[in-house]
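Here the structure comes first, spelled out in structure tokens, and everything after it is commentary.
Bear in mind that the values in this text are calculations on the coordinates, not laboratory data. None of the values given here were measured: they were computed from a predicted structure. Note: ideal-geometry Cβ built from the backbone for every residue, glycine included; neighbour counts use all protein chains shown.
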Amino acid sequence: MSQFCSNCGAKLAQGTLFCGSCGAKVENIVSSEEKSAQQPIQQMNYQTGGINTQLGYQEESTFQEMFLKRTGRLNRLRYFKRSLVIGIVNVVLVMIGEAIFLDQWELTNSAYEGFTILCGLVTLYPEFCLDCRRLEDLDKPPQMAYWLAGVGAIVVISSTSFELGKGAIIGLIYLVATLYLLFAEGTRGDNQYGPDPLGRK
């Protein structure tokens, strides 16, 4: 049975009194089985890229981590707050567009409509990233976010000429899906996509 130095972990020959690596006196022999048991628990590699469950949920601090990352579970409150920020940014951009493209008392024109569509499409990507992560928290395939992004793009493009009928139905589908992501409770404890962002077991 292989033996190892209890001080530095180097492999020892049978009958050794001092470690050939660190020079420590060999008093407590550690077997290979015990050494294996003492090794740090290997982190579990999830589909999202190797999240360490021993560390639990890691709070993001940068803009890219919070809004442009597509992997890692995101709970309801964080999803709501970040979606609200995106919504506010979109409203501010639309107000800027009104000031630039609309004359006094003018409700709309083609330049303003094009600008609002562009703003909606630009903010659609961070929303897509948040949707991916929220789906992971619900233990759902994040690929579903592509369908939601497609519906969202249709809603944005048709928003300037929204009429009752197919457009309204598509908008309703998008609203229901968004409400589901907002209010559905995430998986308790770790799931296949990573640790619980709320630290529940």
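Remarks
- Test: residue in region 95-116 that is crowded, with 18+ Cβ neighbours inside 10 Å, outside any helix (DSSP H, G or I) and out of contact with any Leu (no Cβ under 7 Å at 6 or more places or on another chain): no
- Answer from L148, L130, L135, L74 - the residue that is buried (at least 18 other Cβ atoms within 10 Å of the Cβ) and outside any helix (DSSP H, G or I): L74
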